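Structure first, commentary second.
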Amino acid sequence: MALSISNSKTYELLISLLAKCPITIEIVPGDGSLWMHGNGSDDSISYTPFLFVQNHLGIPHKVLYAVYLYAVGVFKAARLSYSSCQCTEEVQGNLPSSTKRTLIASSSVLILANPSHQTALNVRKQFVHKQLIDPRTELSLMASLLSSQHCAKHAELWYHRRWLLSGAYEPHHTQPSTGLPIFKQLSRDALETELALVSRACELYPRNYFAWTHRLICMRNVLSDDPTITSKSAELISILRQEITEIKRWIECHISDYSAVHYVTTLARDIIQNKDLPLTKIITEEGLLAHATSLVQEYPSHEALWLYARTAPSFGKVF
């Protein structure tokens, strides 16, 4: 690989860019030579071999994995130091700040290159738990990672994000069926952030089951029995109506998306089981079964639409 700077300096540059929590991250083919030797601006040259424009980060595939190999060694050495300090209780609270910074920095590179790296994720969880990483800062980093097609399909990152939400927002209670927390302080702005993140992830990686599951858990939050949420019935109805309308449009544009179909019919079932008349009325007015029927008539060869028609309210009724 033709790199004009060492892996060490490339590693340091990458962790500094990840610390900015880019809006999007794109892993691009090759080694970056296409723009490294071009006539770029001074700003683009200063970030070589990466592209960093208006807080959007491009990372050459070959560069990422060269840096990953370097980060593995850095992370391993720092973790050994961290583990040895933990063995002595009186030293545990006095871990050198350089070791903390090294673990935080190197783990971000490991997770970017390998989103299923449980050891790196667990170290970051420990640091969040010990208040060495702010959960909201970590949420921003996870949003950056999940903006990448490479990361958007990994269940581990979506689970990590939900775990972070339980720290950033006080958990209210746990869903009996899944054991996942419902967050009583998840604001509408925070909810919209999660929904937008899922929408982008599903565009990047079609039929993204793990992203749709995350969306369902977030929407179940607004259906929880927390009085601070259900008392705002007008806002709740607005949120649910807007969500179902948006997903109907999504299915019209992604007619093979089984996960989207499963999501909207499951959400409809949850609304009906809530046994709140104004909420149940949303399902009647949105006409999911009529919507499914019209799509099947227009695109009869798509099995996902037949699934939609079979499971849309009234449930179990096949036309």
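Any residue in segment 92-103 that is touching a residue at least 12 places away in the same chain (Cβ under 8 Å), buried (at least 18 other Cβ atoms within 10 Å of the Cβ) and among the hydroxyl-bearing types (Ser, Thr, Tyr)? Checked segment 92-103: at least one residue is touching a residue at least 12 places away in the same chain (Cβ under 8 Å), buried (at least 18 other Cβ atoms within 10 Å of the Cβ) and among the hydroxyl-bearing types (Ser, Thr, Tyr).
Taking into account only those residues within segment 144-165 that are in contact with a strand residue (DSSP E or B) (Cβ under 8 Å, 6 or more places away or on another chain) and over 17 Å from LEU204 (Cα atoms), which is modelled with the highest pLDDT? Only one residue tops the list, namely ARG162.
Identification of helices (runs of 4 or more DSSP H) wholly contained in segment 234-310 with 1 or more residues that are modelled with pLDDT under 90 and not basic (Lys, Arg) yields 258-273, 277-286. Under the condition of being closer than 17 Å to TYR82 by Cβ and part of a loop (DSSP other than H, G, I, E, B), the residues counted in segment 106-121 number 1.
The values are calculated or read from the model by the stated rules, or taken from the named source; none is laboratory data. What you see is a predicted model; the values in this text were computed from it and never measured. All Cβ positions, glycine included, derive from the backbone under ideal geometry; neighbour counts span all protein chains shown.
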